[in-house]
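Asks: This structure is in structure tokens; I'll ask about it shortly.
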Amino acid sequence: MKDRAEIILWAGHRLSALLLAPLVLIHLATMIIAIQGGLSAEEVLSRTKGSVLWAGFYGVFVVAASVHGAIGLRTVVQEKLAWRGGSLDFATAAVCAGLIYLGLRAVAGVVT
Amino acid sequence: MGRRDSVNDTLEVSIWRGGDDGRFQAYRVPRRECPTVLDVVTWVQRNVAPTLAYRFACRVGMCGSCAMTINGRPRWTCRTHVSKVARGGKLRIGPLSNLPVIRDLACDMTPFFEKWQAAKGRFVPAEPGRSGFAPISPASPRRQEIDAAIECINCGVCYAACDVVADNPDYLGPAALNRAWTLVEDERDGGNRERLAAIARAGGCGSCHTNQRCTALCPVGLNPTASIAGLKRTVLGALLRGAL
Amino acid sequence: MRLSTEDDSQYWAAAVQRVSGVVLALFLPVHFWVLGLALEEEQALDGFFRWADQPSVKIAEAGLVVLLAVHLMGGVRLLMIELLPWRDWQKRLVSVSGAFAAAAGVAFLVNAF
């Protein structure tokens, strides 16, 4: 299993990327439309509160982005800071978990 | 030709002397006598620095022995014209990067070939007891896939060019992975179980970031990036099928 | 005759992909935290939006939009290289990524001001 750990992380990074591609496209379009006439909490929240669609969309988005970002950062840190081994793996998992927590908390904030 | 540097000029050449902890030393070389960078190195060794260590063999761009770092890029010195690389009459020549230095411009290719073996770049016959040739049609898709890749002569330029090789000591490198790909696609080979496991480990094909320095600089015009992409697809398929 | 292509565009595309990825990854927790302000009261989120209404912040946001767009298209390019059989026109995707990112940034700025 340990021998396959690196390729599993690679696969997770690419598969999360495949999932993120359409989500990011939608997010970019949403932002460009939403910024028209300025942003207000009322305008944003009136659309998101109680919406199962936005909850689902952003929920998936948060998990995919957190996995993708954590694995990506791990590679950069390994190569540029020469940090390797169990402590890096632990830090990666912590970053991933932290991002998922903060992200889902934010989703809960705008949807409930 | 209207150039500022005429063929009567002198080249200001910096050449690496010593081991890994050596330094660049300056030499002045008559440009007229040295059309290629290999000529420059040879002139210095013959006329100024008899102890200068460097490698070459064919001198005509076939063997890959004369690979060195010229102005920061790995190239074959016999195929690099001074006029193309000496800006302002200056040249900086060092041994290939990412490999230990034996002395001066000669590097130790041992780690390069150790990674070749680690990537299982060795043919394993699928039918060891077979008599007669195993025919491979030149038109078969798998043979076409590796048509360029099999021409690799292990000169080490791609290995020296790769940022990931520099940053990740585990990374097998473009040449070893390119070779592994030629065997993965060789119908006569039966060693893919071990080979795919070998290139799926830390430092395997997943470490390639597709920055394509290998492809940009390969003197034979090969595309290790495409070979490594082929390995990635094959490994991903095996992983998803539970065959890895 | 030189067989090496000496094409550096792919190298710089990879560098942009890495830098944009790191910046976005560092921005993400900040983004999540700001949106989490909605958990408190609307005023907290509104307070942030009011602060963000200044030109310098909008330009910074446009910068983030450009980074996200370039990372998206660069990523699509990489997925095509890695998961599809090799095609020579993949190189053109580098300039397509740049153009797409610039367009996204401009579209954002136009709507923001």
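A short reminder: the numbers here are calculations on the coordinates, not readings from a lab. Since the structure is predicted, the reported quantities are computational estimates derived from the model, not experimental observations. All Cβ positions, glycine included, derive from the backbone under ideal geometry; neighbour counts span all protein chains shown.
Asks: Tell me, what is the percent relative contact order of the range C:53-113, built from C-alpha pairs under 8 Å that lie six or more residues apart?
Replies: 53
Asks: If you don't mind, there's one more thing I want to ask. Using modelled amide H (1.01 Å from N, peptide plane; none on Pro or chain starts), what sits under 5 Å from the amide H of B:Arg92, excluding residues fewer than 5 places away?
Replies: Distant-sequence amide H within range of B:Arg92: B:Ser14, B:Asn71.
Asks: Compute the length gained on full extension between C:Ala103 and C:Lys91: take 0.36 nm times their separation in residues and subtract their Cα-Cα distance, giving the result in nm to one decimal.
Replies: 2.4 nm
Asks: Among residues other than A:Lys49 whose Cβ falls under 14 Å from its Cβ, what is the net charge (Lys/Arg +1, Asp/Glu -1)?
Replies: Cβ neighbours under 14 Å give a net charge of -3.
Asks: Of the peptides A:81-87, B:198-204, C:77-83, how do they stack up when ordered by the mean number of other Cβ atoms within 10 Å, highest first? Walk me through the numbers on the way to the answer.
Replies: Details: A:81-87: 10.1, B:198-204: 23.1, C:77-83: 18.6.
Going from most to least packed, we get B:198-204, C:77-83, A:81-87.
Asks: Fewest Cβ neighbours within 10 Å first, please rank B:Asp147, B:Asp104 accordingly. Display every interim value, and only then the final one.
Replies: On the way: B:Asp147 11, B:Asp104 24.
Ascending number of Cβ neighbours within 10 Å: B:Asp147, B:Asp104.
Asks: What is the magnitude of the charge dipole of chain C about its Cα centre, with +1 placed on the Cβ of each Lys and Arg, -1 on the Cβ of each Asp and Glu, and no other charges, expressed in debye to the nearest 20?
Replies: Working: 8 positive and 11 negative charges, 113 e Å.
Charge dipole of chain C: 540 debye, to the nearest 20.
Asks: Let me ask something additional. For B:Ala67, what residues show an amide H to amide H distance below 5 Å, using hydrogens built from the backbone and excluding near sequence neighbours?
Replies: B:Thr77
Asks: Return the sequence-ordered ³J(HN,Hα) values of the range B:72-77 in whole Hz as given by the Karplus equation 6.51 cos²θ - 1.76 cosθ + 1.60 applied to θ = phi - 60°, using x for Gly and Pro.
Replies: Per residue, the Karplus-derived 3J(HN,Hα) values read x, 10, x, 8, 7, 5 Hz.
Asks: Kindly give the semi-axes, whole Å and largest first, of the ellipsoid equivalent to chain B, taking each as the square root of 5 times a Cα gyration tensor eigenvalue. It would help to have the intermediate numbers written out before the result.
Replies: Numbers: eigenvalues 310, 67, 51 Å².
Semi-axes, largest first: 39, 18, 16 Å.
Asks: Compute from the Cα atoms of the protein assembly as shown the Rg and the Dmax, the latter being the longest Cα-Cα distance, and quote both in angstrom.
Replies: Cα radius of gyration and Dmax of the protein assembly as shown are 26.5, 84 Å respectively.
Asks: A follow-up question, please. With a Förster radius of 25 Å, plug the Cβ-Cβ distance of B:Arg59 and B:Asp163 into 1/(1 + (r/R0)^6) and report the FRET value to the nearest 0.05. Don't skip to the end; give the middle numbers.
Replies: Working: r = 30 Å, r/R0 = 1.21.
Efficiency, rounded to the nearest 0.05: 0.25.
Asks: Please give the length that would be gained between B:Ser140 and B:Arg193 if that part of the chain were fully extended, namely 0.36 nm times their separation in residues minus their C-alpha to C-alpha distance (nm, one decimal).
Replies: Length difference between fully extended and current span is 16.8 nm.
Asks: Now for a different question. Per the helix-only calculation at 222 nm, which mean residue ellipticity applies to chain B, given -39500 (n - 2.57) for every DSSP H run of n ≥ 4 and division by its residues, nearest 500 deg cm²/dmol?
Replies: Numbers: 10 runs with 82 residues, N = 244.
About -9000 deg cm²/dmol.
Asks: Determine the shape class of the range A:38-98: with a ≥ b ≥ c the square roots of the Cα gyration tensor eigenvalues, call it rounded for a/c under 1.5, and otherwise prolate if a/b is greater than b/c, oblate otherwise. Kindly include the intermediate steps, with their values, before the conclusion.
Replies: Values: a/c = 4.11, a/b = 2.80, b/c = 1.47.
The shape class here is prolate.
Asks: Still on this structure, I have one more. Under the classification rounded if a/c is under 1.5, otherwise prolate if a/b is larger than b/c and oblate if not, where does chain C fall, given a ≥ b ≥ c as square roots of the Cα gyration tensor eigenvalues? Before the final figure, lay out each step's value.
Replies: Values: a/c = 3.24, a/b = 2.41, b/c = 1.34.
Cα axes put chain C in the prolate bin.
Asks: If I fit a long axis through the Cα atoms of helix B:224-241 and take the longest principal axis of the Cα atoms of chain B, what angle between them do I get, 0 to 90°, rounded to 10?
Replies: With rounding to tens, the tilt is 20 degrees.
Asks: Can you pull the one-decimal nm distance between simple spin-label points at A:Gln36 and C:Trp51, each 7 Å off the Cα toward Cβ?
Replies: Going by the 7 Å Cα→Cβ label model, 2.9 nm.
Asks: Explain nothing, just compute: Karplus ³J(HN,Hα) = 6.51 cos²θ - 1.76 cosθ + 1.60, θ = phi - 60°, for every residue of the range A:97-112 in order, whole Hz, x for Gly and Pro.
Replies: 5, x, 5, 4, 4, 4, x, 5, 4, 5, 4, 4, x, 8, 9, 9
Asks: In addition: Would you order A:Leu15, B:Leu172 from fewest to most other beta-carbon atoms within 10 Å of each residue's own beta-carbon? Walk me through the numbers before you get to the answer.
Replies: On the way: A:Leu15 16, B:Leu172 31.
Ranking A:Leu15, B:Leu172 by Cβ neighbours within 10 Å, fewest first, gives A:Leu15, B:Leu172.
Asks: Another question, if that's okay. If R0 is 25 Å, what FRET efficiency do you get for C:Gln43 and C:Phe113 from their C-beta distance, rounded to 0.05?
Replies: Values: r = 25 Å, r/R0 = 1.02.
E between C:Gln43 and C:Phe113, to the nearest 0.05, is 0.50.
Asks: Additional query: Place a +1 charge on the Cβ of each Lys and Arg in the protein assembly as shown and a -1 charge on the Cβ of each Asp and Glu, then give the dipole magnitude about the Cα centre in debye, rounded to the nearest 20.
Replies: Values: 50 positive and 39 negative charges, 305 e Å.
Once rounded to the nearest 20, the dipole reads 1460 debye.
Asks: Taking the dipole about the Cα centre of the range B:79-159, with the C-beta of Lys and Arg at +1 and of Asp and Glu at -1, give me whichever of B:Leu99, B:Gly88, B:Phe113 is farthest to the positive side.
Replies: Toward the positive end, the furthest listed residue is B:Gly88.
Asks: Given a cut-off of under 8 Å on Cα pairs at least six residues apart, what relative contact order in percent is computed for chain C? Don't skip to the end; give the middle numbers.
Replies: On the way: 66 pairs, mean separation 36.3, N = 113.
32 percent.
Asks: Further question on the same structure: Once Lys and Arg get +1 and Asp and Glu get -1 on their Cβ, which of B:Gly173, B:Leu196, B:Val220 lies farthest toward the positive end of the dipole of the range B:160-244?
Replies: Of the options given, the answer is B:Leu196.
Asks: If you don't mind, another one. With Kirkwood's inverse mean 1/r over C-alpha pairs for Rh, give me the Rg to Rh ratio of the range A:16-63, two decimals please.
Replies: Values: Rg = 11.8 Å, Rh = 11.8 Å.
When Rh is taken as the Kirkwood radius, the ratio is 1.00.
Asks: Additional query: Could you run the Karplus curve 6.51 cos²θ - 1.76 cosθ + 1.60 with θ = phi - 60° over the range C:14-20 and give me ³J(HN,Hα) per residue in whole Hz, x for Gly and Pro?
Replies: Each residue of the range C:14-20 in turn: 5, 5, 4, 4, 5, 4, 4 Hz.
Asks: Can you tell me the mean projection area, over all orientations, of the convex hull of the range B:65-207's alpha carbons? Units nm², please.
Replies: Values: hull surface 43.3 nm².
Mean projected area of the Cα convex hull: 10.8 nm².
Asks: At 7 Å along Cα-to-Cβ for each site, give me the label-to-label distance between B:Gln117 and B:Ser83 in nm.
Replies: For the pair B:Gln117/B:Ser83, the computed spacing is 4.6 nm.
Asks: Here's a follow-up. Once amide H atoms are placed 1.01 Å from N in the peptide plane, what residues at a sequence separation of 5 or more from B:Gln25, or on another chain, have their amide H within under 5 Å of its amide H?
Replies: B:Ile15, B:Trp16, B:Arg17
Asks: Using a Cα-Cα cut-off of under 25 Å, which lysines could be cross-linked to B:Lys115, ignoring same-chain neighbours fewer than 8 residues away?
Replies: In chain and number order, the partners are A:Lys2, A:Lys80, B:Lys232.
Asks: Could you list A:Cys96, B:Cys214 so that the one with the fewest beta carbons within 10 Å of its beta carbon is first and the one with the most is last?
Replies: Details: A:Cys96 19, B:Cys214 29.
Ranking A:Cys96, B:Cys214 by Cβ neighbours within 10 Å, fewest first, gives A:Cys96, B:Cys214.
Asks: Classify the range C:35-101 from the C-alpha gyration tensor, please: rounded if a/c falls under 1.5, else prolate or oblate depending on whether a/b exceeds b/c.
Replies: Here the range C:35-101 falls in the oblate category.
Asks: May I ask for log10 I(q)/I(0) of the range B:32-119 at q = 0.12, 0.24 Å⁻¹, from a Debye sum over the Cα atoms as equal point scatterers with solvent left out?
Replies: Results for the range B:32-119 at q = 0.12, 0.24 Å⁻¹ read -0.37, -1.29.
Asks: Would you calculate a helix-derived [θ] at 222 nm for chain C, using -39,500 (n - 2.57) for each DSSP H run of n ≥ 4 and dividing by the full residue count, to the nearest 500?
Replies: Mean residue ellipticity at 222 nm (helix-derived): -27000 deg cm²/dmol.
Asks: When we measure straight from the Cα of B:Lys90, which aspartates and glutamates land under 13 angstrom away, once same-chain ones fewer than 8 places off are left out?
Replies: Of all the aspartates and glutamates, those that pass the test against B:Lys90 - Cα under 13 Å, at least 8 places apart if same chain - are B:Asp5, B:Asp9, B:Glu12.
Asks: Which one, B:Pro74, B:Ile15, A:Phe61, is farthest towards the positive end of the dipole of the protein assembly as shown when Lys and Arg carry +1 and Asp and Glu -1 on their Cβ?
Replies: B:Ile15
Asks: Just how large is the dipole of chain B about the Cα centre, in debye to the nearest 20, putting +1 at every Lys and Arg Cβ and -1 at every Asp and Glu Cβ?
Replies: On the way: 33 positive and 22 negative charges, 104 e Å.
Result for chain B is approximately 500 debye, rounded to the nearest 20.
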